[in-house]
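J.: Sending over a structure as structure tokens; questions will come in a sec.
The values are calculated or read from the model by the stated rules, or taken from the named source; none is laboratory data. Since this is a predicted model, take the numbers as computed values, not measurements. Note that each Cβ is placed from the backbone with ideal geometry, even for glycine, and that neighbours are counted across all protein chains shown.
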Amino acid sequence: MGVSVIGLLLLQSLWLFLPAGLANMTPVLVKKIDILNIPIDGGKTYRGKPLFGRNKTYRGFVFGVLVAILTALIQDYLAGKYDSFYQITLAPFDQYGFLVVGFLLGFGALFGDLIESFIKRRVNIGPGEKFIPWDQLDFVIGSLLLLGFIYIPDWPVIVCLVLVIPFFHIGTNFLGYYLGAKKSKW
């Protein structure tokens, strides 16, 4: 039985975005590792407020990017080995390789989150507090912008990601909260 056009679009979009999504989740999962547990902003402030806050560390950023690259490596391997994975793979692995694709998606996701944290601090929203819809879209926008240096997905893929990823984000945040990995549901 074949996959519908909408089903294929959803599958391709989520498969493309998987390295970015996992990169975005990684900082919470590695928070108990002591390596690189240094705030990215170094404690600096702008107009009396932290640049990003103490929760944005080199540890989360580095491990997040590494997870994105590893995920892209696995995707590239599967696409090369299995026709079914090749058919859903939109990322230009054959042209740029898993290292570049994974780096851009991971770095973009985490950089988007960093920018959103900077804005939250400016408008007096604390770490873990709601900032809807930007909490759900910052990493989507950041990863798509950086990936755009080498590959621009078709507009249906972008629309699909912007509409679907926020629901996944909310769901994984609730799961992380109830499993004790996160302090807030957002």
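J.: How about segment 57-76: which of its residues are farther than 30 Å from K44 by Cα and surrounded by fewer than 20 Cβ atoms within 10 Å (Cβ to Cβ)?
T.: L70, L73, I74
J.: Looking only at segment 29-39, decide whether some residue is touching a Leu at 6+ places or on another chain (Cβ under 9 Å), at pLDDT below 95, more than 23 Å from Q136 (Cβ to Cβ) and loosely packed, with under 15 Cβ neighbours inside 10 Å.
T.: The answer is no; no qualifying residue exists.
J.: Between residues in segment 154-181 that are closer than 18 Å to L22 by Cα and residues that are of a type in the set (F, W, Y), which pairs lie under 6 Å by C-beta distance while being six or more apart or on different chains?
T.: Listed by first residue and then by second, the contacts come to L161/F17; N173/W186.
J.: Something else: Write out, first by first residue and then by second, each pair whose Cβ atoms fall under 6 Å of each other, whose residues are 6+ apart or on separate chains, and whose first residue, in segment 108-131, is under 18 Å from L145 (Cα atoms) while the second is among the acidic types (D, E).
T.: Final answer for the pair search is G112/D138; D113/D138; E116/D138.
J.: OK, next. Inspect all residues belonging to segment 106-119 and state whether any of them is of a type in the set (F, W, Y), farther than 12 Å from Q75 by Cβ, at pLDDT 90 or above and touching a Ser or Thr at 6+ places or on another chain (Cβ under 9 Å).
T.: Yes, that holds for at least one residue.
J.: In segment 132-141, which residues are assigned to a helix (DSSP H, G or I) and without any contact (Cβ under 8 Å) to a residue 40 or more places away in the chain?
T.: Scanning segment 132-141 gives W134, Q136, L137, D138, I141.
J.: For I132, which of the numbered conditions (1) farther than 27 Å from L8 by Cα; (2) surrounded by 13 or more Cβ atoms within 10 Å (Cβ to Cβ) fails to hold?
T.: In the conditions (1) farther than 27 Å from L8 by Cα; (2) surrounded by 13 or more Cβ atoms within 10 Å (Cβ to Cβ), I132 misses (2) alone.
J.: If I152 satisfies all but one of (1) closer than 24 Å to I6 by Cα; (2) part of a helix (DSSP H, G or I), what's the number of the condition it fails?
T.: For I152, the failing item is (2).
J.: Inside segment 88-99, can you point out the residues that are within 20 Å of S13 (Cβ to Cβ) and in contact (Cβ under 8 Å) with a residue 12 or more places away in the chain?
T.: Across segment 88-99, the qualifying residues are I88, T89, L90, A91, P92, F93, Q95, Y96, F98.
J.: I've got another one for you. Does any residue in segment 68-83 that is farther than 21 Å from F107 by Cβ come within less than 6 Å, Cβ to Cβ, of a residue that is surrounded by 15 or more Cβ atoms within 10 Å (Cβ to Cβ) six or more places away or on a different chain, and which pairs are these?
T.: These pairs meet every condition: L78/F85; A79/F85; A79/T89.
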